[in-house]
Amino acid sequence: MVDYKRLGERIAQTRKSQKLSQEKLAELADITATNLSHIERGKIKTSIETLVAIANALNVTSKAAPHNC
């Protein structure tokens, strides 16, 4: 089972380490900043397509993705 809160925390942590705003990451991932905010707070379940878009925008691979979420 996916821990969406933990997954969101990891996304936020990676975004911040790259000095990206939510608005910029959302633009790069082609989603709304509101949607990204909900994802980072674990408030919504999101599609694999959206997670892939976020990962691509952050330039992370599946090896860097959290396996225990």
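The values are calculated or read from the model by the stated rules, or taken from the named source; none is laboratory data. It should be emphasised that the depicted structure is a prediction, and the values quoted were computed from it without experimental measurement. Please note that ligands, DNA and RNA were not included when accessible areas were found on the heavy atoms of the full protein model with its side chains. Shrake-Rupley method; radii C 1.70, N 1.55, O 1.52, S 1.80 Å.
Shape of the chain from its Cα gyration tensor (a ≥ b ≥ c, root eigenvalues): rounded if a/c is under 1.5, otherwise prolate when a/b > b/c, or oblate? Provide the component values of the computation, followed by the final result.
Working: a/c = 1.43, a/b = 1.18, b/c = 1.21.
Note, shape of the chain comes out rounded.
Per residue, how much accessible area does the chain show when a 1.4 Å probe rolls over the protein heavy atoms, in square angstrom? Each step should come with its number before you reach the end.
Values: 4660 Å² over 69 residues.
Spelled out: the 1.4 Å probe surface of the chain, per residue, equals 67 Å².
Counting pairs of alpha carbon atoms under 8 Å apart in space and at least six apart in sequence, what relative contact order in percent does the chain give? Please list the in-between numbers first.
Working: 66 pairs, mean separation 30.9, N = 69.
The value is 45 percent.
Would you kindly state how much longer the chain becomes between THR34 and ILE48 on full extension, computed as 0.36 nm times their sequence separation minus their alpha carbon distance, in nm to one decimal? Display every interim value, and only then the final one.
On the way: separation 14, 0.36 × 14 = 5.04 nm, distance 1.78 nm.
Computed gain between THR34 and ILE48 is 3.3 nm.
Pop out the carbon and sulfur fraction of the accessible area of the chain as a percent, whole number, probe 1.4 Å. Intermediate values should be presented prior to the final figure.
Working: 2390 of 4660 Å².
C and S atoms contribute 51 percent here.
Whole-Hz ³J(HN,Hα) for each residue in region 14-31, computed from phi via Karplus 6.51 cos²θ - 1.76 cosθ + 1.60 with θ = phi - 60°, x for glycine and proline: what do you get?
Computed from phi, the couplings for region 14-31 are 5, 4, 5, 5, 8, 6, 9, 7, 4, 4, 5, 5, 4, 4, 5, 8, 6, 10 Hz.
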